[in-house]
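K.L.:
Take this structure first; my questions come after.
The values are calculated or read from the model by the stated rules, or taken from the named source; none is laboratory data. All of these numbers come straight from a predicted model, not from anything done at the bench. Cβ: placed from backbone, ideal geometry, glycine included. Neighbour counts: every protein chain shown.
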Amino acid sequence: MPVAPTSADPFRSDGDGPDPASVPRRGRGKRVLVVEDDPLLAMDLEQALLAAGAGQVRICTGMADAVAALQDWAPHAVVLDVRLADRNDGWAIAEVVGMLGARPPLIAFSTGSPEDIPAHIQDLGTVYAKPYDTARLAADMLGVRPSGLVGRLREALR
């Protein structure tokens, strides 16, 4: 299945996206590639990223789709499932994106077995052990920090 953008413009006037005033400024407009073969987690990540201000999220379910997406699309951030259905080394994509331009995208590794990721690969991004808070991953990837006293206190207690 070819990679197609999901929610290309969250600020559409048809009311089908988040209210622009509610989207954190730091994450606005950033492109995020999600490489995840679990459809429920992929949709949850997409919603969390859009709520945190991502401008566009593309979901790829396997290695071939991800490589094809990277050929014609430059994401600001990439969320990689380490164990994809078609490959057990989803981190190989991290090595490829590390070679993209002067400013490679931020990388988040999503895995149920963080100990299986080689140390030199872990250095390429942040590891999130499943199950994890998708909203926190989205905020971390898009540079969104909690506002207000209560938000900062919650963040400090995590």
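K.L.:
Considering only the range 128-145, state which residues are crowded, with 17+ Cβ neighbours inside 10 Å and in a strand (DSSP E or B).
P.N.:
Tyr128
K.L.:
Among the residues that make up the range 57-80, is at least one of them charged (D, E, K, R), farther than 26 Å from Glu115 by Cα and surrounded by fewer than 18 Cβ atoms within 10 Å (Cβ to Cβ)?
P.N.:
yes
K.L.:
Another question about this same structure. Please work out which residue is nearest to Ile93 (Cα to Cα), limiting yourself to the range 35-46 and to residues that are in a helix (DSSP H, G or I) and over 9 Å from the mean Cα position of the chain (by Cα).
P.N.:
By that ranking, first place goes to Ala42.
K.L.:
Now, a different point. When you go through Glu95, Glu36 one by one, which is the residue that is out of contact with any Pro (no Cβ under 7 Å at 6 or more places or on another chain) and modelled with pLDDT under 90?
P.N.:
Glu95
The rows are residues; the columns are (1) under 20 Å from Thr134 (Cα atoms); (2) touching a Ser or Thr at 6+ places or on another chain (Cβ under 8 Å); (3) modelled with pLDDT under 90; (4) outside any helix (DSSP H, G or I).
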| residue | (1), (2), (3), (4) |
| --- | --- |
| Ala48 | yes, yes, no, no |
| Ala64 | no, no, no, no |
| Pro75 | yes, no, no, yes |
| Leu80 | yes, yes, no, yes |
| Leu100 | no, no, yes, yes |
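K.L.:
Any residue in the range 117-146 that is aromatic (Phe, Trp, Tyr) sitting within a Cβ distance under 7 Å of a residue that is at pLDDT 90 or above? List the pairs, counting only those 6 or more apart or interchain.
P.N.:
As it stands, the answer is Tyr128/Ala108; Tyr128/Phe109; Tyr128/Ser110; Tyr128/Leu137, since those pairs meet every condition given.
K.L.:
Anything in the range 56-74 that is of a type outside the set (Lys, Arg) and within 12 Å of the chain's Cα centre (by Cα)? List them, or say none.
P.N.:
Gln56, Val57, Ile59, Cys60, listed by residue number.
K.L.:
Output the number of residues of the range 116-158 satisfying the condition of being hydrophobic (A, V, I, L, M, F, W, C), at pLDDT below 85 and in contact with a helix residue (DSSP H, G or I) (Cβ under 8 Å, 6 or more places away or on another chain).
P.N.:
1
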